[in-house]
1. Across the range 8-36, what is the number of residues that are charged (D, E, K, R) and assigned to a loop (DSSP other than H, G, I, E, B)?
2. Within the range 19-40, restricting attention to residues that are within 18 Å of the chain's Cα centre (by Cα) and acidic (Asp, Glu), which residue is farthest from Arg99 (Cα to Cα)?
3. What helices (runs of 4 or more DSSP H) completely inside the range 155-256 contain at least 3 residues that are closer than 30 Å to Ile142 by Cα?
4. Could you tell me which of the residues Leu170, Leu204, Leu125 is buried (at least 18 other Cβ atoms within 10 Å of the Cβ), away from the ligand (no atom under 16 Å from the Cβ) and farther than 27 Å from Ala38 by Cβ?
5. For the range 177-189, which residues satisfy the criterion of being out of contact with any Asp or Glu (no Cβ under 9 Å at 6 or more places or on another chain) and either hydrophobic (A, V, I, L, M, F, W, C) or modelled with pLDDT under 95 (or both)?
6. Could you check the range 63-93 and list, in sequence order, the residues that are more than 11 Å from the ligand (Cβ to nearest atom) and surrounded by 13 or more Cβ atoms within 10 Å (Cβ to Cβ)?
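The values are calculated or read from the model by the stated rules, or taken from the named source; none is laboratory data. Keep in mind the model is a prediction, meaning the values are calculated, not measured. All Cβ positions, glycine included, derive from the backbone under ideal geometry; neighbour counts span all protein chains shown.
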Amino acid sequence: MSEAAGERLVKTERHGRAGLARLNRPEALNALSDALMAELGAALLAFDADPEIGAIIITGSERAFAAGADIREMKDRAYPDTFLNDFIGARWETILRVRKPVIAAVAGFALGGGCELAMMCDIVLAADTARFGQPEINLGIIPGAGGTQRLVRAVGKAKAMEMVLSGRMLSAEEAERANLVARVVPAAELIAEAIKLAERIGGLSPVAVAMAKQAVNSAFETTLRAGILHERQLFLSLFGTGDQREGMAAFLEKRSPRFRQS
Ligand code: DAK
């Protein structure tokens, strides 16, 4: 719950087969407190377990997707407690347990942990107002939720090094050029576009979608050889599904497929 007014820190909405989780701490630019991360994790796992939902969207406000982990909460932390409880790292990694596709719909600031959260999502859609950065160096720390690793894989060493060492932010346009985001859309259309994308994915074969996500993540996380072997196993196993037979029959019968969605 939010500090003020007993409001939830993460509000959820359903739009057809799209589940939307909206970060709701506007007064702190959606700073990612422990309580917010716990609510976000619970919302994501609930959508993941819900057969009516096919894809998930995380978004923030017009001004900020999230301006990072909560600096007020972090400022008095001290080693070795930081090491022993790892800032409750498990809360930050709940998103990695979600099998359905997760889309980050980013408007405004996505900084520090906010940029890291977006990078943990499967697809990043950016409003033309979005700004991405890893400004931790200004606080005397470095990124701690994957920023030095996922950013390098997304944008390459040169740009990642500049961002991490200097804290410089990227505009939405620069982030798109650098392959940090899939697409930039006008801010007014961000949520509608994200829902359209989530609904499109959510209408496809759930098992094929989950395996496609796993296979692409293998490219990000393993060697080429291991990734290709993983892809092959997933590909072959899809021939044990009704959705493969339905998808191919529908193509040949020139009709829309009716995938099993639960
Ligand atoms: N934490 C707490 N409060 C924040 C905040 C943050 N990250 N960002 C903004 N706020 C608050 C401000 O304090 C201010 O509150 P009041 O003063 O009104 O009470 C309110 O939001 C509005 O912010 P500003 O007044 O500063 O607004 P401006 O438009 O002037 O500036 C800004 C916007 C985004 C440029 C600025 O707020 C800013 O620089 N914010 C901090 C950005 C930042 O440094 N982010 C990185 C934080 S470090 C880990 C997990 C996560 C992490 C690490 C490890 N593990 C699991 C191990 C992540 C670390 C980080 O993200």
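1. First, pick out the residues of the range 8-36 that are charged (D, E, K, R): 8, 11, 13-14, 17, 22, 25, 27, 34.
So of that shortlist, the ones also assigned to a loop (DSSP other than H, G, I, E, B) come out as 8, 17, 25.
Number satisfying all stated conditions: 3.
2. Checking each candidate, the answer is Asp34.
3. Numbers: elements: 157-166, 172-177, 190-202, 206-221, 224-237, 242-252.
Counting at least 3 such residues, we get 157-166, 172-177, 206-221.
4. None of the other options fit; the residue is Leu204.
5. First, the residues of the range 177-189 that are out of contact with any Asp or Glu (no Cβ under 9 Å at 6 or more places or on another chain): 177-179, 181, 188-189.
Within the range 177-189, Ala178, Val181, Ala188 meet the criteria.
6. Restricting attention to the range 63-93, the residues satisfying the condition of being more than 11 Å from the ligand (Cβ to nearest atom) are 76, 78-81, 84.
Across the range 63-93, there are no qualifying residues.
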